[in-house]
1. Sort out which residues of segment 392-429 are in contact with a Leu (Cβ under 7 Å, 6 or more places away or on another chain), of a type in the set (G, A, S) and modelled with pLDDT under 85, and write them in order of number.
2. Would you please name the residue that is surrounded by the most Cβ atoms within 10 Å (Cβ to Cβ), looking only at residues in segment 171-194 that are outside any strand (DSSP E or B) and out of contact with any Phe, Trp or Tyr (no Cβ under 8 Å at 6 or more places or on another chain)?
3. If you take the residues of segment 206-241 that are in a strand (DSSP E or B) and of a type in the set (S, T, N, Q), which of them is surrounded by the most Cβ atoms within 10 Å (Cβ to Cβ)?
4. Would you point out the residue of segment 42-61, among those that are under 38 Å from the mean Cα position of the chain (by Cα) and part of a loop (DSSP other than H, G, I, E, B), that is nearest to F103 (Cα to Cα)?
5. For the condition within 25 Å of S329 (Cα to Cα) and in the same structural domain as K384 (by TED's automatic domain parsing), what is the one hit in I312, I307, I251?
6. Every residue in segment 107-147 that is outside any helix (DSSP H, G or I) and among the aromatic types (F, W, Y), please.
7. Applying the selection to segment 219-247, what residues are modelled with pLDDT under 95 and of a type in the set (G, A, S)?
8. Need the failing condition index for L94 against (1) within 28 Å of A189 (Cα to Cα); (2) surrounded by fewer than 19 Cβ atoms within 10 Å (Cβ to Cβ); (3) modelled with pLDDT of 90 or more, just the number.
Amino acid sequence: MLKTMKPSALPRNGFKQNKPESNIATIDVGGQLFQTTKQTLNLAGPDSLLSRIADAASAHLAPPFIDRDPELFSILLSLLRTGNLPSKAKALDLQDLIFESQFYGIETLLINSLSNPSHFDAFNLEKSLVLPLNGRDSPSVIATTPFGSVHVAHGSKITSFDWSLRKKSTILTEFTAVDSMLAISTKVAAAGATDFSGLQIIDLENGFVKETLNWENVTRSGSTVQAIGSSQEFLFASFESGRRNSNSIMIYDLNTLSPVNEIGHYEIFGAEINSALPATKLNWVPGYNLLMASGSHRGPSGVYGNIKFWDIRSGNVVWEIQEKVDCFSDVTVSDNLSAMFKIGVNSGEMFFADLRNLGVEQPWVCLGDRRKMVSGKKEGVGCKIESHGSQVFCSKGGDLELWSEVAVGSQQRSEDGSEARHFRKNVMGRMKDMGGSRITNLTFGGNKMFMTRKDQQYVEVWQNSARGY
(Lines give C-alpha, C1' and ligand atoms only; values in the text may rest on other atoms or scores of the structure.)
Protein backbone atom coordinates (compact mmCIF):
# COMPACT_ATOMS: atom_id res chain seq x y z
CA MET A 1 0.00 0.00 0.00
CA LEU A 2 1.44 3.34 -1.08
CA LYS A 3 1.97 5.76 1.77
CA THR A 4 1.28 9.41 0.91
CA MET A 5 3.54 12.13 2.41
CA LYS A 6 2.03 15.27 3.85
CA PRO A 7 2.60 18.34 1.64
CA SER A 8 4.39 20.17 4.48
CA ALA A 9 7.01 17.43 4.70
CA LEU A 10 8.00 17.62 1.02
CA PRO A 11 11.21 19.52 0.13
CA ARG A 12 10.41 22.77 -1.66
CA ASN A 13 12.44 21.82 -4.70
CA GLY A 14 11.14 18.31 -4.66
CA PHE A 15 14.54 16.80 -3.93
CA LYS A 16 16.70 18.54 -1.31
CA GLN A 17 16.31 21.53 0.96
CA ASN A 18 19.20 24.04 0.77
CA LYS A 19 20.05 26.49 3.55
CA PRO A 20 20.41 30.06 2.38
CA GLU A 21 24.06 31.11 2.37
CA SER A 22 24.85 33.14 5.48
CA ASN A 23 26.05 36.73 5.22
CA ILE A 24 28.15 36.24 8.36
CA ALA A 25 31.85 35.57 7.97
CA THR A 26 33.86 33.99 10.80
CA ILE A 27 37.65 34.41 10.93
CA ASP A 28 40.13 32.80 13.31
CA VAL A 29 42.95 35.26 13.99
CA GLY A 30 45.68 33.91 16.26
CA GLY A 31 43.24 31.55 17.95
CA GLN A 32 40.52 34.16 18.54
CA LEU A 33 37.29 34.04 16.56
CA PHE A 34 35.88 37.18 14.96
CA GLN A 35 32.50 37.50 13.27
CA THR A 36 31.51 40.22 10.86
CA THR A 37 29.56 40.62 7.63
CA LYS A 38 30.91 39.96 4.18
CA GLN A 39 29.99 43.55 3.25
CA THR A 40 32.30 44.85 5.98
CA LEU A 41 35.19 42.71 4.74
CA ASN A 42 34.59 43.86 1.17
CA LEU A 43 35.12 47.45 2.29
CA ALA A 44 38.80 46.56 2.42
CA GLY A 45 38.90 46.64 -1.39
CA PRO A 46 38.91 43.95 -4.08
CA ASP A 47 42.69 43.38 -3.89
CA SER A 48 42.83 42.91 -0.12
CA LEU A 49 43.20 39.68 1.81
CA LEU A 50 39.97 40.37 3.69
CA SER A 51 37.97 40.73 0.49
CA ARG A 52 39.26 37.36 -0.71
CA ILE A 53 38.27 35.81 2.62
CA ALA A 54 34.77 37.27 2.22
CA ASP A 55 34.43 35.69 -1.22
CA ALA A 56 35.53 32.27 0.05
CA ALA A 57 33.68 32.29 3.40
CA SER A 58 31.01 29.65 3.82
CA ALA A 59 28.93 28.40 6.73
CA HIS A 60 29.77 24.82 5.66
CA LEU A 61 33.52 25.32 5.99
CA ALA A 62 35.78 25.82 8.98
CA PRO A 63 36.70 29.47 9.66
CA PRO A 64 39.90 30.48 7.84
CA PHE A 65 42.88 30.77 10.17
CA ILE A 66 45.24 33.78 10.06
CA ASP A 67 48.38 33.54 12.16
CA ARG A 68 48.45 37.21 13.22
CA ASP A 69 47.91 39.34 16.35
CA PRO A 70 44.17 39.31 17.26
CA GLU A 71 44.42 42.61 19.18
CA LEU A 72 45.71 44.47 16.12
CA PHE A 73 43.11 42.76 13.94
CA SER A 74 40.29 43.96 16.21
CA ILE A 75 41.50 47.56 15.75
CA LEU A 76 41.57 47.23 11.97
CA LEU A 77 38.17 45.52 11.92
CA SER A 78 36.76 48.49 13.85
CA LEU A 79 38.34 50.75 11.22
CA LEU A 80 36.48 48.85 8.50
CA ARG A 81 33.19 49.09 10.38
CA THR A 82 33.27 52.80 11.23
CA GLY A 83 35.89 54.41 9.01
CA ASN A 84 37.79 55.57 12.11
CA LEU A 85 40.19 54.02 14.59
CA PRO A 86 38.77 53.36 18.06
CA SER A 87 40.18 55.26 21.04
CA LYS A 88 41.96 52.14 22.32
CA ALA A 89 44.23 52.31 19.26
CA LYS A 90 46.23 55.03 21.07
CA ALA A 91 47.61 52.35 23.40
CA LEU A 92 49.23 50.55 20.45
CA ASP A 93 52.33 51.43 18.49
CA LEU A 94 51.55 53.15 15.19
CA GLN A 95 54.21 51.17 13.33
CA ASP A 96 52.57 47.92 14.38
CA LEU A 97 49.27 49.14 12.95
CA ILE A 98 50.97 50.18 9.71
CA PHE A 99 52.67 46.80 9.20
CA GLU A 100 49.44 44.97 10.02
CA SER A 101 47.40 47.12 7.64
CA GLN A 102 49.92 46.39 4.89
CA PHE A 103 49.57 42.65 5.53
CA TYR A 104 45.78 42.81 5.14
CA GLY A 105 45.98 45.26 2.21
CA ILE A 106 44.14 48.15 3.88
CA GLU A 107 46.93 50.69 4.41
CA THR A 108 45.05 53.25 2.29
CA LEU A 109 42.11 53.11 4.71
CA LEU A 110 44.48 53.65 7.62
CA ILE A 111 46.11 56.63 5.87
CA ASN A 112 42.73 58.23 5.16
CA SER A 113 41.65 57.75 8.76
CA LEU A 114 44.79 59.20 10.34
CA SER A 115 45.19 62.05 7.82
CA ASN A 116 41.55 63.16 7.71
CA PRO A 117 41.54 67.01 7.59
CA SER A 118 38.17 67.06 9.41
CA HIS A 119 40.01 65.77 12.49
CA PHE A 120 42.04 68.99 12.67
CA ASP A 121 41.00 71.04 15.71
CA ALA A 122 42.82 74.35 15.46
CA PHE A 123 41.99 75.36 19.03
CA ASN A 124 43.69 72.39 20.68
CA LEU A 125 46.92 71.90 18.78
CA GLU A 126 49.95 70.65 20.66
CA LYS A 127 53.46 69.85 19.53
CA SER A 128 53.58 66.10 19.05
CA LEU A 129 57.12 65.55 17.75
CA VAL A 130 60.04 67.04 15.84
CA LEU A 131 61.46 65.78 12.55
CA PRO A 132 65.30 65.88 12.67
CA LEU A 133 67.30 66.79 9.56
CA ASN A 134 70.84 65.92 8.47
CA GLY A 135 73.49 68.62 8.33
CA ARG A 136 73.67 72.14 9.69
CA ASP A 137 71.34 73.94 7.28
CA SER A 138 68.03 75.29 8.56
CA PRO A 139 64.90 74.41 6.55
CA SER A 140 64.15 76.87 3.76
CA VAL A 141 60.80 75.51 2.55
CA ILE A 142 58.31 72.75 3.39
CA ALA A 143 56.01 70.96 0.92
CA THR A 144 53.19 68.67 2.08
CA THR A 145 50.70 66.26 0.52
CA PRO A 146 47.01 65.90 1.48
CA PHE A 147 47.90 62.62 3.25
CA GLY A 148 50.30 64.27 5.68
CA SER A 149 53.60 63.23 4.14
CA VAL A 150 56.15 66.05 3.96
CA HIS A 151 59.26 67.09 2.02
CA VAL A 152 61.70 69.50 3.67
CA ALA A 153 64.35 71.48 1.80
CA HIS A 154 67.42 72.41 3.86
CA GLY A 155 70.39 73.83 2.06
CA SER A 156 70.99 71.81 -1.11
CA LYS A 157 69.21 68.74 0.31
CA ILE A 158 65.58 67.55 0.40
CA THR A 159 64.50 65.14 3.13
CA SER A 160 61.22 63.26 2.77
CA PHE A 161 58.99 61.75 5.46
CA ASP A 162 56.05 59.45 4.72
CA TRP A 163 52.52 59.96 6.05
CA SER A 164 53.45 58.30 9.37
CA LEU A 165 56.39 60.75 9.58
CA ARG A 166 59.04 58.08 9.27
CA LYS A 167 62.12 59.40 7.43
CA LYS A 168 62.26 57.89 3.97
CA SER A 169 65.16 59.53 2.18
CA THR A 170 67.50 62.50 1.87
CA ILE A 171 68.72 63.51 -1.58
CA LEU A 172 71.26 66.06 -2.76
CA THR A 173 70.03 68.51 -5.40
CA GLU A 174 71.87 70.69 -7.91
CA PHE A 175 70.72 73.82 -6.09
CA THR A 176 72.89 75.71 -3.64
CA ALA A 177 69.67 76.25 -1.68
CA VAL A 178 66.07 75.38 -2.58
CA ASP A 179 63.83 78.46 -2.42
CA SER A 180 60.54 77.09 -3.82
CA MET A 181 59.07 73.59 -3.65
CA LEU A 182 55.73 71.93 -4.25
CA ALA A 183 54.80 68.30 -3.59
CA ILE A 184 53.34 66.80 -6.77
CA SER A 185 53.03 63.41 -5.03
CA THR A 186 54.56 61.49 -2.15
CA LYS A 187 57.51 60.66 -4.42
CA VAL A 188 57.82 63.64 -6.76
CA ALA A 189 58.34 67.37 -6.09
CA ALA A 190 58.79 70.49 -8.19
CA ALA A 191 61.67 72.63 -6.93
CA GLY A 192 63.40 75.84 -7.92
CA ALA A 193 65.85 78.46 -6.70
CA THR A 194 66.29 82.18 -7.27
CA ASP A 195 69.92 81.65 -8.34
CA PHE A 196 69.57 78.54 -10.53
CA SER A 197 67.86 78.37 -13.91
CA GLY A 198 64.78 76.21 -14.48
CA LEU A 199 62.04 74.41 -12.57
CA GLN A 200 63.14 70.86 -11.75
CA ILE A 201 60.79 67.91 -11.37
CA ILE A 202 62.63 65.63 -8.95
CA ASP A 203 62.19 61.95 -8.14
CA LEU A 204 62.66 62.06 -4.36
CA GLU A 205 63.05 58.31 -3.90
CA ASN A 206 65.85 57.81 -6.39
CA GLY A 207 67.33 61.30 -6.32
CA PHE A 208 67.31 62.27 -9.99
CA VAL A 209 65.80 65.06 -12.07
CA LYS A 210 62.94 63.68 -14.16
CA GLU A 211 62.50 66.86 -16.17
CA THR A 212 63.47 70.54 -16.21
CA LEU A 213 60.93 73.17 -17.25
CA ASN A 214 62.37 76.42 -18.62
CA TRP A 215 61.04 79.81 -19.67
CA GLU A 216 62.89 82.22 -21.93
CA ASN A 217 62.19 85.89 -22.57
CA VAL A 218 62.69 87.75 -25.84
CA THR A 219 66.47 87.91 -25.27
CA ARG A 220 66.62 84.12 -24.80
CA SER A 221 68.24 84.49 -21.39
CA GLY A 222 67.80 81.92 -18.65
CA SER A 223 65.17 82.29 -15.94
CA THR A 224 64.88 81.45 -12.26
CA VAL A 225 61.85 80.26 -10.28
CA GLN A 226 60.23 82.74 -7.89
CA ALA A 227 57.16 80.73 -6.79
CA ILE A 228 55.31 77.47 -7.47
CA GLY A 229 51.61 76.64 -7.05
CA SER A 230 49.05 74.12 -8.27
CA SER A 231 45.40 73.26 -8.73
CA GLN A 232 43.93 69.80 -9.28
CA GLU A 233 44.72 70.11 -12.99
CA PHE A 234 47.59 72.53 -13.39
CA LEU A 235 51.08 73.37 -12.14
CA PHE A 236 51.92 77.08 -11.93
CA ALA A 237 55.44 78.52 -11.95
CA SER A 238 56.52 82.15 -11.68
CA PHE A 239 59.73 82.86 -13.60
CA GLU A 240 62.04 85.86 -13.70
CA SER A 241 64.78 86.34 -16.28
CA GLY A 242 68.39 86.20 -15.19
CA ARG A 243 68.74 89.91 -15.93
CA ARG A 244 65.62 90.61 -13.82
CA ASN A 245 64.08 92.66 -16.65
CA SER A 246 61.19 90.32 -17.50
CA ASN A 247 58.91 87.81 -15.80
CA SER A 248 56.03 85.49 -16.51
CA ILE A 249 53.73 82.85 -15.02
CA MET A 250 53.69 79.56 -16.89
CA ILE A 251 50.84 77.04 -16.63
CA TYR A 252 51.55 73.33 -17.15
CA ASP A 253 49.34 70.26 -17.24
CA LEU A 254 49.94 68.62 -13.86
CA ASN A 255 49.94 65.09 -15.31
CA THR A 256 51.94 65.54 -18.52
CA LEU A 257 53.89 68.70 -17.52
CA SER A 258 53.31 70.07 -21.00
CA PRO A 259 52.79 73.88 -21.22
CA VAL A 260 49.15 74.96 -21.40
CA ASN A 261 49.23 78.75 -21.22
CA GLU A 262 51.35 81.75 -20.30
CA ILE A 263 49.99 84.68 -18.32
CA GLY A 264 51.46 87.92 -17.01
CA HIS A 265 54.43 88.19 -19.36
CA TYR A 266 56.11 91.52 -18.61
CA GLU A 267 59.15 93.05 -20.26
CA ILE A 268 60.28 95.74 -17.83
CA PHE A 269 61.80 99.03 -18.90
CA GLY A 270 63.00 101.65 -16.43
CA ALA A 271 60.34 103.00 -14.07
CA GLU A 272 57.81 100.32 -15.07
CA ILE A 273 59.34 97.95 -12.52
CA ASN A 274 56.79 99.10 -9.92
CA SER A 275 53.89 97.64 -11.91
CA ALA A 276 55.57 94.47 -13.16
CA LEU A 277 56.89 92.70 -10.10
CA PRO A 278 57.40 88.93 -10.40
CA ALA A 279 54.99 86.82 -8.35
CA THR A 280 56.72 85.40 -5.28
CA LYS A 281 53.61 83.60 -4.01
CA LEU A 282 50.96 81.70 -6.00
CA ASN A 283 47.65 80.57 -4.46
CA TRP A 284 44.88 78.76 -6.32
CA VAL A 285 41.33 79.74 -5.28
CA PRO A 286 39.09 76.84 -6.42
CA GLY A 287 35.78 78.48 -5.49
CA TYR A 288 36.48 81.32 -7.91
CA ASN A 289 38.65 79.44 -10.45
CA LEU A 290 41.25 82.18 -10.07
CA LEU A 291 44.98 82.25 -9.41
CA MET A 292 46.21 84.78 -6.87
CA ALA A 293 49.73 86.01 -7.66
CA SER A 294 51.46 88.38 -5.27
CA GLY A 295 54.85 90.05 -5.20
CA SER A 296 56.56 92.93 -3.44
CA HIS A 297 59.74 94.97 -3.72
CA ARG A 298 61.73 97.10 -1.31
CA GLY A 299 62.76 100.42 -2.82
CA PRO A 300 64.11 103.80 -1.65
CA SER A 301 60.60 104.96 -0.74
CA GLY A 302 59.66 101.80 1.15
CA VAL A 303 58.01 98.46 0.36
CA TYR A 304 55.49 98.33 -2.46
CA GLY A 305 53.81 95.45 -4.26
CA ASN A 306 50.76 94.14 -6.05
CA ILE A 307 48.24 91.32 -5.84
CA LYS A 308 46.59 90.05 -9.00
CA PHE A 309 43.78 87.55 -9.51
CA TRP A 310 44.15 85.82 -12.86
CA ASP A 311 41.60 84.00 -14.99
CA ILE A 312 43.99 81.36 -16.27
CA ARG A 313 41.76 80.38 -19.20
CA SER A 314 41.55 83.84 -20.75
CA GLY A 315 44.82 85.12 -19.33
CA ASN A 316 43.13 88.26 -17.99
CA VAL A 317 43.49 89.98 -14.62
CA VAL A 318 40.04 90.21 -13.00
CA TRP A 319 41.18 92.12 -9.89
CA GLU A 320 44.38 93.92 -8.98
CA ILE A 321 45.47 95.67 -5.80
CA GLN A 322 48.43 98.05 -5.79
CA GLU A 323 50.14 97.96 -2.39
CA LYS A 324 51.77 101.27 -1.48
CA VAL A 325 50.68 102.06 2.08
CA ASP A 326 51.56 99.38 4.65
CA CYS A 327 52.30 96.82 1.93
CA PHE A 328 51.93 93.16 2.84
CA SER A 329 54.74 91.36 4.59
CA ASP A 330 52.89 88.15 3.70
CA VAL A 331 49.49 87.45 2.16
CA THR A 332 47.19 84.44 1.82
CA VAL A 333 43.71 83.62 0.58
CA SER A 334 41.02 81.39 2.09
CA ASP A 335 38.50 79.72 -0.19
CA ASN A 336 36.43 78.58 2.83
CA LEU A 337 36.16 82.12 4.19
CA SER A 338 36.00 83.75 0.75
CA ALA A 339 38.54 86.30 1.93
CA MET A 340 42.12 87.42 1.53
CA PHE A 341 44.38 88.21 4.50
CA LYS A 342 47.64 90.11 4.87
CA ILE A 343 50.10 91.27 7.51
CA GLY A 344 51.12 94.91 7.08
CA VAL A 345 54.89 95.21 6.80
CA ASN A 346 54.90 98.53 8.68
CA SER A 347 52.19 98.05 11.29
CA GLY A 348 52.41 94.27 11.78
CA GLU A 349 48.59 94.24 11.89
CA MET A 350 46.21 91.73 10.33
CA PHE A 351 43.98 92.92 7.47
CA PHE A 352 41.28 91.14 5.48
CA ALA A 353 39.57 91.77 2.13
CA ASP A 354 36.25 90.19 1.19
CA LEU A 355 36.50 88.30 -2.11
CA ARG A 356 32.75 88.72 -2.57
CA ASN A 357 33.42 92.40 -3.20
CA LEU A 358 35.90 92.03 -6.03
CA GLY A 359 36.61 95.41 -7.57
CA VAL A 360 36.53 97.54 -4.42
CA GLU A 361 39.26 100.18 -4.69
CA GLN A 362 40.29 100.03 -1.00
CA PRO A 363 39.37 96.47 0.07
CA TRP A 364 41.45 96.12 3.26
CA VAL A 365 39.85 96.15 6.69
CA CYS A 366 42.20 96.26 9.69
CA LEU A 367 41.53 93.59 12.29
CA GLY A 368 44.12 94.78 14.79
CA ASP A 369 44.63 97.90 16.86
CA ARG A 370 45.53 100.12 13.90
CA ARG A 371 48.93 100.84 15.37
CA LYS A 372 51.20 103.14 13.44
CA MET A 373 54.81 102.57 12.59
CA VAL A 374 56.96 103.75 15.49
CA SER A 375 60.46 105.19 14.88
CA GLY A 376 60.54 103.67 11.41
CA LYS A 377 60.46 100.10 12.73
CA LYS A 378 58.69 97.66 10.43
CA GLU A 379 56.64 95.50 12.80
CA GLY A 380 55.54 92.99 10.16
CA VAL A 381 58.93 91.97 8.76
CA GLY A 382 59.34 88.20 8.90
CA CYS A 383 55.69 87.48 9.76
CA LYS A 384 54.07 84.50 8.06
CA ILE A 385 50.37 84.02 7.36
CA GLU A 386 48.52 80.93 6.08
CA SER A 387 44.90 79.81 6.01
CA HIS A 388 43.69 76.29 6.76
CA GLY A 389 40.02 75.39 6.63
CA SER A 390 38.08 78.19 8.30
CA GLN A 391 40.99 79.55 10.35
CA VAL A 392 43.87 81.87 9.59
CA PHE A 393 47.25 81.43 11.29
CA CYS A 394 49.64 84.34 11.68
CA SER A 395 53.15 84.11 13.12
CA LYS A 396 54.69 87.08 14.89
CA GLY A 397 58.17 86.28 16.06
CA GLY A 398 57.99 82.96 17.88
CA ASP A 399 54.26 83.19 18.61
CA LEU A 400 51.28 82.13 16.54
CA GLU A 401 47.90 83.88 16.36
CA LEU A 402 44.71 82.08 15.35
CA TRP A 403 41.96 84.13 13.69
CA SER A 404 38.39 82.95 13.08
CA GLU A 405 35.24 84.54 11.75
CA VAL A 406 32.53 85.07 14.35
CA ALA A 407 28.79 85.49 13.86
CA VAL A 408 27.06 88.58 15.25
CA GLY A 409 23.48 88.92 16.40
CA SER A 410 22.41 91.54 13.86
CA GLN A 411 23.55 92.09 10.32
CA GLN A 412 25.67 95.21 10.47
CA ARG A 413 26.66 97.10 7.37
CA SER A 414 30.05 98.50 6.43
CA GLU A 415 30.59 101.96 4.96
CA ASP A 416 30.03 100.75 1.39
CA GLY A 417 26.71 99.15 2.35
CA SER A 418 27.89 95.53 2.26
CA GLU A 419 27.37 93.13 5.14
CA ALA A 420 30.06 93.63 7.79
CA ARG A 421 32.18 90.63 8.72
CA HIS A 422 33.91 90.10 12.05
CA PHE A 423 37.09 88.18 12.77
CA ARG A 424 38.52 87.56 16.21
CA LYS A 425 41.96 86.59 17.43
CA ASN A 426 41.81 83.48 19.61
CA VAL A 427 44.19 82.60 22.40
CA MET A 428 42.52 79.28 23.21
CA GLY A 429 44.33 75.97 23.28
CA ARG A 430 48.00 75.20 23.70
CA MET A 431 49.33 77.38 20.89
CA LYS A 432 49.49 80.43 23.16
CA ASP A 433 52.34 78.76 25.08
CA MET A 434 54.45 77.81 22.06
CA GLY A 435 57.11 80.57 22.30
CA GLY A 436 60.61 80.08 20.90
CA SER A 437 62.60 81.70 18.11
CA ARG A 438 61.05 83.29 15.02
CA ILE A 439 58.84 81.05 12.87
CA THR A 440 60.24 80.85 9.34
CA ASN A 441 57.87 78.35 7.66
CA LEU A 442 54.24 77.47 8.31
CA THR A 443 52.22 74.95 6.32
CA PHE A 444 49.59 72.20 6.67
CA GLY A 445 49.11 68.64 5.44
CA GLY A 446 46.20 66.36 6.29
CA ASN A 447 45.44 67.02 9.96
CA LYS A 448 48.94 68.23 10.83
CA MET A 449 50.58 71.65 11.09
CA PHE A 450 54.29 71.92 10.25
CA MET A 451 56.56 74.80 11.19
CA THR A 452 60.23 75.66 11.33
CA ARG A 453 62.15 78.24 13.34
CA LYS A 454 65.18 80.37 12.68
CA ASP A 455 68.53 78.63 13.13
CA GLN A 456 66.96 75.28 14.04
CA GLN A 457 67.65 72.07 12.09
CA TYR A 458 64.32 70.33 12.55
CA VAL A 459 60.61 70.62 11.75
CA GLU A 460 57.96 70.90 14.46
CA VAL A 461 54.79 68.84 13.99
CA TRP A 462 51.63 70.07 15.72
CA GLN A 463 48.55 67.86 16.07
CA ASN A 464 45.51 67.35 18.27
CA SER A 465 47.04 64.34 19.96
CA ALA A 466 50.56 63.79 21.25
CA ARG A 467 50.57 60.42 19.44
CA GLY A 468 48.91 61.76 16.34
CA TYR A 469 46.04 59.26 16.19
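1. Scanning segment 392-429 gives a single hit, G429.
2. Kept after step one, since they are outside any strand (DSSP E or B), are these residues of segment 171-194: 173-179, 184-187, 194.
Then keep just the ones that are out of contact with any Phe, Trp or Tyr (no Cβ under 8 Å at 6 or more places or on another chain); that gives 173, 177-179, 184-185, 187, 194.
Details: T173: 22, A177: 17, V178: 28, D179: 21, I184: 20, S185: 10, K187: 18, T194: 14.
Going through the qualifying residues, I end up with V178.
3. Pass one, segment 206-241, residues in a strand (DSSP E or B): 208-213, 223-230, 234-241.
Then keep just the ones that are of a type in the set (S, T, N, Q); that gives 212, 223-224, 226, 230, 238, 241.
Details: T212: 13, S223: 25, T224: 23, Q226: 24, S230: 17, S238: 28, S241: 23.
Only one residue fits best here, namely S238.
4. So the first thing to find is which residues in segment 42-61 are under 38 Å from the mean Cα position of the chain (by Cα), and the list is 42-55.
Right, trim to part of a loop (DSSP other than H, G, I, E, B) and you get 43-48.
Working: L43: 16, A44: 12, G45: 13, P46: 14, D47: 12, S48: 9 Å.
Among those residues, the one meeting the criterion is S48.
5. Working: I312 fails: within 25 Å of S329 (Cα to Cα); I251 fails: within 25 Å of S329 (Cα to Cα).
The match here is I307.
6. F120, F147 - these are the residues of segment 107-147 that are outside any helix (DSSP H, G or I) and among the aromatic types (F, W, Y).
7. Listed by number, the residues that qualify are S221, G222, S223, S241, G242, S246.
8. In the conditions (1) within 28 Å of A189 (Cα to Cα); (2) surrounded by fewer than 19 Cβ atoms within 10 Å (Cβ to Cβ); (3) modelled with pLDDT of 90 or more, L94 misses (3) alone.
The values are calculated or read from the model by the stated rules, or taken from the named source; none is laboratory data. Source: prediction; values computed, not measured. In this analysis, Cβ positions are derived from the backbone assuming ideal geometry, glycine residues included, and neighbour counts consider all displayed protein chains.
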